[in-house]
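Q: Have a look at the structure that comes next, please.
Just so you know, all these numbers are worked out from the coordinates, no wet-lab data involved. Here the structure is a predicted model, which is why all the values come from computation and not from measurement. All Cβ positions, glycine included, derive from the backbone under ideal geometry; neighbour counts span all protein chains shown.
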């Protein structure tokens, strides 16, 4: 799935620390690692951090292909459902939420 930096950062906020089987924990960790910025991307996008805020050259952000398998997708969907039930989802997350929960539109 093609995701821009902002979408990936939102997913990192949505996905809580996991508990469960070792296999599922490894999948969640791999997912979080793939959503993060690597050093090459950090430099290319001219990432700047100050006062707890991350900014980058959005004109250069064409997105990155992130492999999200069935279990990783269910981890994200379950986190979104839990956030919906607890009413902790944020308005700026709507686009990302709709990518993973299209029936919720």
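Q: Taking the criterion of being surrounded by fewer than 17 Cβ atoms within 10 Å (Cβ to Cβ), in contact with a strand residue (DSSP E or B) (Cβ under 9 Å, 6 or more places away or on another chain) and part of a helix (DSSP H, G or I), would at least one residue in the stretch 60-75 satisfy it?
A: no
Q: Filter the stretch 11-38 down to residues that are in contact (Cβ under 8 Å) with a residue 40 or more places away in the chain, within 8 Å of the chain's Cα centre (by Cα) and closer than 15 Å to residue 67 by Cα, then give me how many there are.
A: Result for the stretch 11-38: 1.
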